[in-house]
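Every read-out reported here was derived from the displayed coordinates using simple, explicitly stated rules and does not represent laboratory data. Quick caveat: nothing in here was measured; it's all calculated off a predicted structure. Positions of Cβ are backbone-derived with ideal geometry, glycine not excepted, and every protein chain shown enters the neighbour counts.
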Amino acid sequence: MTGVTKIAVAGTHSTGKTTFLKGLEERLITAGHDVVYVHGSAAEAQDLGFPILKNHTFESTAWLVGQTIRLEMAATLKADVVLIDRPVPDAFGYLIAALRTTHRSNGEARLGRLETICKAWTEEYDLVFTTRLDESIPIGPDRDGDAAFRAAADQAIGEVLARLAPDHHVLTPQNLGQSTELAMRVATEDRR
């Protein structure tokens, strides 16, 4: 145990990850925790020239995984709770969805190596949540509007988490309160 609690939320875009984590962040700060919020770096990857979303590649995913790990580790220097919006399994799920929807392949060996890295790192998280797609909730502004890819990412992230974090919790609008209380309890227990 590092003494730092890491709480991760994965899921396709516009499913409530950031809303949940920002509310949790407020509660944790009010309770006296030093909190750092880490968000995935897809926009930065895209600015560097890496393809994202439906065009994800092995290389863009490996960069995102490495960058996420780097940001999480830097956050542990300043916080007793790190909140991760788009943890490493999220990037891997997006790659799987991209490959499926565009009928591409990266080779099983390469995917296996990337999954091994993601699995090893996922074990560092103290608590993992995933959101589920509710298609009645519209996609947020400035988000990719490809509904088919959004659904494919939801499915792939769910499959990845079933393998890499079988004890993860599904976050829904109906269980936000219980999920927040669980996260608060884990953060408090880890602090002892």
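Among the listed residues A79, A109, A45, identify the single one that is in contact (Cβ under 8 Å) with a residue 40 or more places away in the chain and not basic (K, R).
A79
Within the range 117-146, track down each residue that is within 12 Å of the chain's Cα centre (by Cα) and of a type in the set (A, V, I, L, M).
Across the range 117-146, the qualifying residues are L127, V128.
Please state which one of V160, V170 is surrounded by 14 or more Cβ atoms within 10 Å (Cβ to Cβ) and hydrophobic (A, V, I, L, M, F, W, C).
V160
Cβ contacts < 7 Å: first residue touching a residue at least 24 places away in the same chain (Cβ under 8 Å), restricted to the range 49-63; second residue surrounded by fewer than 19 Cβ atoms within 10 Å (Cβ to Cβ) and basic (K, R), any location; separation 6+ or different chain. Result?
F58/R110
Just to be sure I understand, how many residues within the range 127-175 are of a type in the set (V, I, T) and free of Cβ contacts under 8 Å to residues at least 60 places away in the same chain?
Residues flagged as of a type in the set (V, I, T) and free of Cβ contacts under 8 Å to residues at least 60 places away in the same chain within the range 127-175 amount to 2.
Please go through the range 9-38 and give me each residue that is of a type in the set (S, T, Y) and farther than 26 Å from D144 by Cα, ordered by number.
Result: T30, single match.
Of the residues G93, G107, G40, only one is on the phi > 0 side of the Ramachandran plot and of a type outside the set (S, T, Y); which?
After applying the criteria, what remains is G107.
In the range 103-125, is there at least one residue being of a type in the set (G, A, S) and touching a helix residue (DSSP H, G or I) at 6+ places or on another chain (Cβ under 6 Å)?
no
Being under 10 Å from the mean Cα position of the chain (by Cα) and part of a strand (DSSP E or B) is the filter; apply it to the range 3-31 and report the residue that is nearest to N175 (Cα to Cα).
Residue satisfying both the conditions and the ranking: V9.
Filter the range 120-146 down to residues that are of a type outside the set (S, T, Y) and within 19 Å of L21 (Cα to Cα), then give me how many there are.
13
Quick one: in the range 32-72, of everything that is among the β-branched types (V, I, T) and part of a helix (DSSP H, G or I), which residue is surrounded by the most Cβ atoms within 10 Å (Cβ to Cβ)?
The selected residue is T61.
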